[in-house]
Amino acid sequence: MPYVKCIVCEKEFYAKPRHLKIGWSRHCSIECRSKGQVKRIRKECNNCGKVILRTPAQIRKSKLGKFFCSKSCTCIWMNRNVRLSENHGNWNNGQATYRSRLKRSNQNRKCQICGIDDKRVLIVHHKDKKRSNNEIENLTWLCCNCHYLVHQHELQLN
């Protein structure tokens, strides 16, 4: 009785002698045959490094040429490398990122003049009034009212 190994899962199975003569009986089941017919190429997740399999069609359709194991890995990589850099379509020489930079810093989120801590009314103020200077030392939190007073009536910060 001829027993052969499946070329996909390496499980031993019985093969009819006449099938072996004509080159059949290489797979133990229909599932293994389906897996064996699909060509998959090993790729590494660009975020976490996990090894993943992709078909040639998936590789051709990739716009960035990058591959990810999950949607969360894709989002993490995009946020780190594309959305906060010059590659993003809305990039404006870093001028639009000062709010997120101040949020990520450990500066206390309250108005520096009146002390209100309601996040709905807090906005970012440039101390030197130059919007191109986005250093953390130049940014501070002000409520809408105090921000208006600083710009219109030259109210001084503490």
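Please treat every number below as a calculation from the coordinates, not as lab data. What you see is a predicted model, and the numbers here were worked out from it, not measured in a lab. Positions of Cβ are generated from backbone atoms using ideal geometry, with glycine treated the same way; all protein chains shown enter the neighbour counts.
Structural remarks
- Using alpha-carbon coordinates, inclination of helix 71-81 to the longest axis of the chain, degrees: 50 degrees
- Between L157 and E31, the modelled labels are 6.4 nm apart [label points 7 Å from Cα along Cα→Cβ].
- The chain, relative contact order [Cα under 8 Å, separation at least 6], %: 12 percent
- Inter-part distance where region 104-158 and region 3-21 are each reduced to a Cα centre, Å: 74 Å
- Cross-link pairs K39/K63; K103/K130; K50/K103; K39/K61 - those with Cα-Cα distance over 23 Å: K50/K103
- Of [x] -0.35, -0.43, -0.79; [y] -0.57, -0.63, -0.87; [z] -0.25, -0.31, -0.63, the label for log10 I(q)/I(0) by the Debye sum over Cα atoms at q = 0.09, 0.10, 0.14 Å⁻¹ derived from the coordinates: [y]
- Qualifying GluC sites (Glu not before Pro) in region 1-41, DSSP loop, other Cβ atoms within 10 Å at most 14: E10
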